[in-house]
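One structure is given here, and the rest of the page talks about it.
The values are calculated or read from the model by the stated rules, or taken from the named source; none is laboratory data. These figures come from a predicted structure and were not determined experimentally. Positions of Cβ are generated from backbone atoms using ideal geometry, with glycine treated the same way; all protein chains shown enter the neighbour counts.
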Amino acid sequence: MQSTPKDIIEIQTIKDAQNAVTKAKRTQTPITTIGSSHSHSLLVQNSTGIIITTEQMKGSITINESNMTATIPAGMKLHEVSELLWNKGYALSNQGDVDVQSIAGLIGTGVHGTGLKHPIISSYVQDATLVLNTGDIIKAADNSEILEATRLNLGALGIVMDVTLSVVPTFFLKEKTWKQDVDTVIAEIGKLAKENEHFEFFWNPANDKAYIKTLNPHDGPSTQSDEPVQGYVDYSHRVFPSQRNDKHTEMEYSVPYEDGVSCFLDIRDLILAGKHDILWPVEFRTVDQDTGWISPTKGRKTVTISIHQGIDQLYEPFFREAEMIFRSYRGRPHWGKCNYLTSDDFASMYGVGWRSFWKVQRSLDPDGVFLNSYLRGLRDLQ
């Protein structure tokens, strides 16, 4: 996702954030806050206003032992956070399969890992500090509706300065990986998803094989093995992520758990039909339900299916056709990845939650200082 903003401002402190807001209001230009630039979504595009970068918003993590929470500077990257938490004796109970995102971006787009007992990471948000379009500073937890909107906020409420997340004591994980015929994996998905704390697979269209990964709690210590199927054991935050060095664009939809296999098979058929030149793998994960207003996993256990294409390759015709399949299964898109939906589409998906989110957004930012053209289109069509 590329932008040609009028200005780029690097912030480190609350005062920096307040100054940026003052400039945006004076020049009547919108603000978009960027963390790791990891997103594939129009949420992060801004060619008419100011892009704020949060690379320097780092510092110490504050642990509240009685509440089992950690308050984390919004610009810190997940890999930095997880290492610091481990050194303090704590960990996040789940992570996604990459760890390059900033903490604010992580919750702002609804990042998740995999596991039927694990909801999206936004579900663990207990508080956050925001700088509003007035320059005022608020704590989200002081108002239950603001807190709910902040948990998955699309960057539309204000500048998030820190996030307070629930944490757990440190733990080890054992990873096992293996290759298997996709048809046999399909037959075993229910068993694999329910018998493993974390389960996922990638399907490779080039050979029609599935590459499975399971993660399960372990007593430790760290071990290594030359045989992936035998697995290895390490600190949880070292096992959760994978290296993703090839640049790509991505679409992901969440569909009801009971429809996950059927939806995957339809996506597989679309790719194997050969109409679109797709060699990138398809990812299949599971996520627990939550109550988030605009969460893709709201109110239902979920299968997430991710499709990919190289950034130098044609992707839109494939993504649009795949999106039709996803929507036929009542799919909801990941906020940090590609979709082609309208405000009416989202209103139909989320109902009262959609209206509630924008009600809070309007109350905090009536002038739309934190709305790029994409977000303004979603709000103004309410």
Failed condition for PRO30, given (1) in contact with a strand residue (DSSP E or B) (Cβ under 6 Å, 6 or more places away or on another chain); (2) surrounded by 20 or more Cβ atoms within 10 Å (Cβ to Cβ): (1)
Selection within segment 101-125 - of a type in the set (A, V, I, L, M) and either assigned by TED's automatic domain parsing to the domain that holds MET251 or touching a Pro at 6+ places or on another chain (Cβ under 8 Å) (or both): ILE103, ILE120
Selection count where residues are buried (at least 19 other Cβ atoms within 10 Å of the Cβ) and either polar (S, T, N, Q) or outside the structural domain of ALA70 (by TED's automatic domain parsing) (or both), scope segment 127-156: 4
Filter pass, ALA91 being among the small types (Gly, Ala, Ser), in contact (Cβ under 8 Å) with a residue 60 or more places away in the chain, touching a helix residue (DSSP H, G or I) at 6+ places or on another chain (Cβ under 9 Å) and within 30 Å of LYS23 (Cα to Cα): no
Sole exception among (1) touching a Leu at 6+ places or on another chain (Cβ under 9 Å); (2) not assigned by TED's automatic domain parsing to the domain that holds LEU192 for ASP277, by number: (2)
Selection from segment 112-148 of residues that are of a type outside the set (A, V, I, L, M, F, W, C) and in a strand (DSSP E or B): GLY115, GLN126, ASP127, THR129, LYS139
Count of residues meeting criterion [free of Cβ contacts under 8 Å to residues at least 60 places away in the same chain and on the phi > 0 side of the Ramachandran plot] in segment 42-75: 1
Any chance THR54 is more than 21 Å from GLY113 (Cα to Cα), modelled with pLDDT under 95, of a type outside the set (Asp, Glu) and surrounded by fewer than 17 Cβ atoms within 10 Å (Cβ to Cβ): no
Some residue of segment 181-201 being among the hydroxyl-bearing types (Ser, Thr, Tyr), in contact with a strand residue (DSSP E or B) (Cβ under 7 Å, 6 or more places away or on another chain) and in a helix (DSSP H, G or I): no
Single residue of GLY336, GLY368, GLY377 found to be under 24 Å from GLY49 (Cβ atoms) and in contact with a Lys or Arg (Cβ under 8 Å, 6 or more places away or on another chain): GLY368
